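For reference, the structure discussed in these notes is given below.
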Amino acid sequence: MSGLNKNASAYLVTVCLLGLFSAGISTRITFPHGDYHWYGIVVFAVLAVLSAGRKVVVFRRGDDDDTGSMSLGFAVTFTAMMFLGAQEAMVIAAIESLTGCFWPKRQKPPQMAFNVSLSLVETFLGSLIYFGMMNWKIQFGTFEMFAAVFASSLTYYFVNTFGVAFIIALVSAQPVRRLWKENFLWTAPSFFAGACISSLTLHLVKSQAVFVVLFLAPVLYFVHQSYCTYINRSMERQRHIEELQGKQAQLAELYLATIKSLALAIDAKDQYTHQHILRVQTYSVAIAIEMGLTGDELEAVNTGALLHDIGKLGVPEYVLLKPGRLTEEEFAKIKAHPEIGAAILEPVEFPWPVLPVVRHHHEKWDGTGYPDGLKGEEIPLTARIMAAADVYDALTSSRSYRGAWTHERAVEVINKDSGTHFDPKVVVAFNNVIHDLVENLAKEGQGPLVQSKVAVADAKTEAANRAARDISRSSSELWALYEVAQTLSSSLGLEETVAILGRKLGAIFPGASCVFFLTSDDDFGFKAGSAFGTNSEYFLGSTINGKGSLTLKTIKAGVAYVGPYDSDDLMLISSDSTLWTPIESALIVPIVHQAEVLGSINLYHPDADAFDNDDRNLLQMIGERAAMAMYNGMLFDRTRGHAFSDSLTGLFNLRYITQLIEEKVRIGHRLLSEDETFVTTEKFALLCLDLDSFKPINDNFGHQKGDQVLKDLAEVIKSAVRDSDIVARYGGDEFLIYLQNAGKESAVSVVEKIQTAVDAYDPGLIHYRLGNLKVGVSIGFGCYPNDADSFAELLSVADQRMYGKKNERKLLGLAERKVEPASDDSPSEGGNSSRAVS
């Protein structure tokens, strides 16, 4: 009994005890005995052995094991009971059951004990009912006999079938009533038929009709053979029908598998929605079952989920793959996909109502959906189910314009929109199934509860996934090249070109840092002039770390590198505002235009093996197309530099910094229209500087000496800011500084640094009356976009703060000298009368 559970073992022991009890009690009850010789019981014993396990098939209900049949063993046992008596019948039943335990297949000892014991119990109870109704006599040809046969065979039937069903239910943990109803209820006629055959046989024997039987035996034999032939042919026809049904089922599965493969191929064109249809299918089918859908409607949901986005074949790829927000015209193209999908599928004669699912899955309960503006129950129920499943998966999936929402947040939105977007009844069913469903999916490594786990797939599934990734990659490559060509064609300066390219690469390679190393005047010729993404503050301004640098080797070899990140490759910049994120992977592509090396594009990622050869090939194609734009940007910046420099100090002039900041603001406005979150990275500060106590130098030592002081201070100020920052002469003794990627805290830090550096500067000028002349500086700043969103407003904010600081410094100086302030606001401290506008 090692294979049985505790309850099944207890039941088996109980049946065995009942069998022993039945055998024992039968010897204590005075059952009637038939008039027979010793060889009579031998004949019945032989018949029991021969009939063990044999059945006569009356009809079939399905497969070969599901048949309506009459047990010959039962017929022999029942005949022995009526002809010989109860005790003899129990012996015959035990012989028949034991023989069946060894042939045609040997059973295990516990199963043998159960079958023999159950045979003894059912034979004992059947005999008790039969002889009780026959007044404890063996007699034939009475009406009471028919009733006794019926009651006795019914007892046999119930004891046998319930006894077997109960132990099966205990072993398989199924409801006993349902198991008995599905597997044994329909066998009742076979027991009564066997009992009737037994009664008829005894009537023939007792009526001296044996000789009639002998003469009829050949006829009965041929009738039996004809019957067997008929049954065999019927079975063959039934098997043929089942084979056809099986092939039809296989064709249906193949049909759906083909639809699924094609739909996945379409789905894979969008890298953000890959596997979307499979998840939608899972959610929508579960909701449909919860709502009681069966048959054609359930199949419509199952198939419609696979095909609901097939209309995206008619939507341009640049719209499907656009990383930013869609324009009204682009969204109109997206809204056309349900109609396109229905038109594509209309010639297909589906056996289920699939087209309503495809056409109407974007309709809303309040009538504001598309394409037909259906309202309420005008929308097919299958489409209403699809709408909830589709929106839930869209919310819990990452998109180019936002990250994936949590399961809880998505469920909250579905419930909030019940009665407006969604059918309230569908929402109830959705809530009933979605929580358990996503938990089960998470165990398989799928669904919104899984963050980074990847489901294990078999070889066929993995091959299909690779094909889908290839489709997605080809689409992303096409989109990337289109974007680069479109945006770079309109750029002029190098900085704008690199800024646009950096954002595009960030969208193509999510999670990657993008660094541009361009030619410079440092020892090894290349410096990071621009950086985007993670660790950008560390990369910006970094240089190549010696001749053995990986980046330098890649640039000189002219061959792209893909592999692990080399921590000794670069001399990074320190940063106090952000923490360093460890890098594992690198992808480096040289930028070459007409044999002239311009630099390299370096991508870094926190994950190991984040880039492969396909990524390298894609970045090489982008680099080849960007090289010309970057080269033209360098030429433009060089040419522009001659017109935008200050002849005295060598700094940029007002014209240059004005155009620079106006261009930054213009780019910012453009990026804002694409992505409202750009302000987290696209920021800068404008500093306005005015020298204090500079006029006495010009008045007492001449303008030539004053010009030298301006040159010296220009170098002092430049040394106090980063190489990526821009210092320009505003006019006279005033300067403007552009601080890249700087907020308020960074601006305050730079102000203090410049203030300290200028205060420490000594021009070496001693006046006989004024003593040692020193120069100070007043500085104000404005931050984009927090303080202002235009150059004029930003300059005004910085100017006001600068004059506020100047007044503070004047009052502080007067207080230290304990003198009253002058009555007039003369420009002797470097007022704005010296400003130039050229």
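The values are calculated or read from the model by the stated rules, or taken from the named source; none is laboratory data. No experiment lies behind these values; they were computed from the predicted model shown. Quick reminder, even Gly has a Cβ in these numbers, built from the backbone with ideal geometry, and neighbours come from all protein chains shown. Ligands, DNA and RNA are stripped out before the accessible areas are found, and what is left, the full protein with its side chains, is counted by its heavy atoms. Shrake-Rupley method; radii C 1.70, N 1.55, O 1.52, S 1.80 Å.
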List R809, R177, ordered by accessible area with a 1.4 Å probe, largest first:
R177, R809
For the stretch 654-806, taking Cα atoms only, what is the radius of gyration to one decimal and the Dmax to the nearest whole Å?
17.0, 64
Separation of the D707 and D612 label points, Cα + 7 Å toward Cβ, nm
6.5 nm
With unit charges on the beta carbon (Lys/Arg positive, Asp/Glu negative), name the residue among L736, L765, V750 whose Cα is farthest towards the positive pole of the charge dipole of the stretch 735-797.
L765
Rounded, prolate or oblate: which fits the stretch 319-390, taking a ≥ b ≥ c as square roots of the Cα gyration tensor eigenvalues, rounded meaning a/c under 1.5, else prolate when a/b beats b/c?
oblate
Which of the residue pairs K683/K805; K364/K416; K527/K556; K664/K753; K556/K718 have a Cα-Cα distance greater than 21 Å in the structure shown?
K683/K805; K664/K753; K556/K718
Considering the convex hull of the alpha carbon atoms of the stretch 275-396, report its projected area averaged over all viewing directions, in nm², one decimal.
7.7 nm²
Hey, for a label at S575 modelled as a point 7 Å past Cα toward Cβ, could you say which residues of the stretch 761-805 have their backbone N under 12 Å away?
none
Quote the accessible area belonging to F701 in square angstrom, nearest 10, computed with a 1.4 Å probe and with ligands, DNA and RNA left uncounted.
70 Å²
Going from most exposed to least, what order do W103, W405 have by accessible area with a 1.4 Å probe?
W103, W405
Per-residue ³J(HN,Hα) for the stretch 5-18, Karplus 6.51 cos²θ - 1.76 cosθ + 1.60, θ = phi - 60°, Hz, x for Gly and Pro:
7, 4, 5, 5, 5, 4, 5, 4, 4, 4, 5, 4, 5, 5
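If you filter the stretch 324-383 for GluC sites (Glu not before Pro), then keep DSSP loop positions with at most 14 other Cβ within 10 Å, what is left?
Values: sites: E328, E329, E330, E339, E349, E363, E377, E378; in loops: E349, E363.
Answer by residue number: E349.
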Counting only residues 5 or more apart in sequence or on a different chain, those whose built amide H sits under 5 Å from that of S645 are N653
What is the extension gain from V559 to F140, computed as 0.36 nm multiplied by their sequence separation minus the C-alpha to C-alpha distance, in nm to one decimal?
140.3 nm
With DNA, RNA and ligands ignored, accessible area of H407 (1.4 Å probe; Å², nearest 10):
10 Å²
Using modelled backbone amide H atoms (1.01 Å from N, in-plane), which distant-in-sequence or interchain residues come within less than 5 Å of G599's amide H?
I591
What accessible area, in Å² to the nearest ten, does a 1.4 Å probe give for Y157?
10 Å²
Could you derive backbone 3J(HN,Hα) for the stretch 803-812 from the dihedral phi with the Karplus parameters 6.51, -1.76 and 1.60 (θ = phi - 60°), listing whole Hz in sequence and x where the residue is Gly or Pro?
5, x, 5, 4, 5, 4, 5, 4, 5, 5
I need the shape label for the stretch 123-186. Rule: rounded when a/c is under 1.5, else prolate if a/b > b/c, else oblate, with a, b, c from the alpha carbon gyration tensor.
prolate
Expected unfolding gain across N807-V413 under the 0.36 nm per residue rule, minus the alpha-carbon gap, is 136.3 nm
Where Lys and Arg each count +1 and Asp and Glu each count -1, what net charge lies around I167 among other residues with Cβ under 15 Å from its Cβ?
+2
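Using a 1.4 angstrom probe on the protein heavy atoms only, could you order S549, S418 from most to least accessible area? Kindly include the intermediate steps, with their values, before the conclusion.
Details: S549 0, S418 40 Å².
Putting S549, S418 in descending order of accessible area: S418, S549.
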